[in-house]
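All remarks here apply to the structure that follows.
The values are calculated or read from the model by the stated rules, or taken from the named source; none is laboratory data. Here the structure is a predicted model, which means the values were calculated and not measured. Neighbour counts run over all protein chains shown; Cβ positions are idealised from the backbone, glycine included. For accessibility, only protein heavy atoms count, side chains too; no ligands or nucleic acids. Shrake-Rupley method; radii C 1.70, N 1.55, O 1.52, S 1.80 Å.
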Amino acid sequence: MPIGRTTAAGGMETSYGFRQVDAGDKQPLVNEVFHKVANRYDLMNDLMSAGMHRVWKDAMVAWLNPPKRPGWRSLDVAGGTGDVAFRIVAASHGNAHVTVLDINGSMLAVGRERAEKQKLADNVDFVEANAEELPFADASFDAYTIAFGIRNVPRIDVALSEAYRVLRPGGRFLCLEFSEVDLPFLDKAYEAWSFNAIPRIGRAVTGDGEPYSYLVESIRKFPNQRNFAAMIARAGFERVSFRNYSGGIAAAHSGWKL
């Protein structure tokens with residue numbers, strides 16, 4: 001299978017890393033990856049970003065700038081461990097309510113335990129469901145966030161349409177995802193680190209390098225910044241823009257339902 005990135009025309013729905021799989025087969029394979037890494041998810045992100053995922057998430061939430069008033073509701077998709085949701089609540093000075101949605105029960109179990117320890121049960125609730133079929137009414141949320149999760153959704157266009165549907169008019173879409181490095185020397189160094197070091201470290205730490213190989217490959221297959229921005233605009237969002245972090249290793253994409 002060619003290792004070039006997919007484009008705005010699609011292709012991630014049958015791409016399990018560099019493997020071509022039948023439509024419908026990707027989701028169970030991805031689910032198994034996250035069952036394996038749920039208890040070490042933060043470690044996984046630390047390995048894949050050299051710890052920078054924490055800085056990028058802070059930057060995304062700062063860009064979201066949740067209001068410091070009661071009644072504002074946000075949906076965080078593929079955020080089972082609560083990492084982004086807890087940041088949003090903190091940024092709102094404890095006023096925001098965040099619904100964390102994840103297809104993976106193992107990830108949600110980690111998030112629920114963390115929410116209880118941090119006494120955030122009143123601000124955060126957890127829902128097990130599919131990003132392609134959100135179990136919410138139209139215009140239910142003021143914001144939709146997804147961090148390092150959209151590339152694992154088989155039908156990204158469907159997930160984007162669902163995001164648009166559940167947002168209220170004036171609502172904000174924000175996605176943080178690994179992307180295409182725009183600095184040549186950094187690109188080569190990052191790719192060498194990703195494909196050679198990360199699976200080996202993952203195997204040493206967790207005893208299983210396969211999930212890390214998939215995650216690295218999925219980053220390499222994901223559409224670049226401009227192609228993904230085109231997909232967001234095609235879903236109906238306006239004022240679509242993106243910000244590169246760390247030379248494009250990650251990028252935050254923003255869109256508005258106007």
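Would you be able to tell me the number of residues in the range 121-155 that are touching a strand residue (DSSP E or B) at 6+ places or on another chain (Cβ under 8 Å), outside any loop (DSSP other than H, G, I, E, B) and either among the polar types (S, T, N, Q) or more than 24 Å from Y212 (Cα to Cα) (or both)?
Within the range 121-155, residues that are touching a strand residue (DSSP E or B) at 6+ places or on another chain (Cβ under 8 Å), outside any loop (DSSP other than H, G, I, E, B) and either among the polar types (S, T, N, Q) or more than 24 Å from Y212 (Cα to Cα) (or both) number 9.
I want to confirm something. Restricting to the range 217-258 and keeping residues that are assigned to a strand (DSSP E or B) and more than 18 Å from H53 (Cβ to Cβ), which single residue is most open to solvent (accessible area, probe 1.4 Å)?
R239
Just for the range 5-18: of the residues that are open to solvent by 40 Å² or more (accessible area, probe 1.4 Å) and touching a helix residue (DSSP H, G or I) at 6+ places or on another chain (Cβ under 8 Å), which one is nearest to F195 (Cα to Cα)?
Taking the candidates together, the pick is F18.
Taking the condition surrounded by fewer than 20 Cβ atoms within 10 Å (Cβ to Cβ), in contact with a helix residue (DSSP H, G or I) (Cβ under 8 Å, 6 or more places away or on another chain), hydrophobic (A, V, I, L, M, F, W, C) and not in a helix (DSSP H, G or I), does A23 pass?
When the stated conditions are applied, A23 passes them.
Take the residues in the range 26-40 that are out of contact with any Ser or Thr (no Cβ under 6 Å at 6 or more places or on another chain) and either open to solvent by less than 20 Å² (accessible area, probe 1.4 Å) or among the small types (G, A, S) (or both), then tell me which one is modelled with the lowest pLDDT.
The extreme case among them is V37.
Can you tell me which residue within the range 135-146, out of those that are of a type in the set (A, V, I, L, M) and open to solvent by 10 Å² or more (accessible area, probe 1.4 Å), is nearest to D125 (Cα to Cα)?
Looking at residues that are of a type in the set (A, V, I, L, M) and open to solvent by 10 Å² or more (accessible area, probe 1.4 Å), I get A137.
Residues of the range 53-72 being open to solvent by 30 Å² or more (accessible area, probe 1.4 Å) and charged (D, E, K, R), which ones? Please lay out each step first, then the result.
Quick first cut of the range 53-72, residues open to solvent by 30 Å² or more (accessible area, probe 1.4 Å) only: 54-55, 58-59, 62-63, 65, 67-71.
Within the range 53-72, R54, D58, K68, R69 qualify.
Among A96, A121, which is the only one that is crowded, with 19+ Cβ neighbours inside 10 Å and more than 19 Å from the chain's Cα centre (by Cα)?
Sole residue among the options that is crowded, with 19+ Cβ neighbours inside 10 Å and more than 19 Å from the chain's Cα centre (by Cα): A96.
Being open to solvent by less than 10 Å² (accessible area, probe 1.4 Å) and not charged (D, E, K, R) is true for just one of F195, F173, F185. Which residue is that?
The match here is F173.
The conditions are (1) out of contact with any Ser or Thr (no Cβ under 8 Å at 6 or more places or on another chain); (2) open to solvent by 10 Å² or more (accessible area, probe 1.4 Å); (3) within 30 Å of G255 (Cα to Cα), and R168 fails exactly one of them. Which is it?
Against the list (1) out of contact with any Ser or Thr (no Cβ under 8 Å at 6 or more places or on another chain); (2) open to solvent by 10 Å² or more (accessible area, probe 1.4 Å); (3) within 30 Å of G255 (Cα to Cα), R168 comes up short only on (1).
Take L43 and tell me if it is touching a helix residue (DSSP H, G or I) at 6+ places or on another chain (Cβ under 9 Å) and either surrounded by fewer than 22 Cβ atoms within 10 Å (Cβ to Cβ) or in a loop (DSSP other than H, G, I, E, B) (or both).
yes
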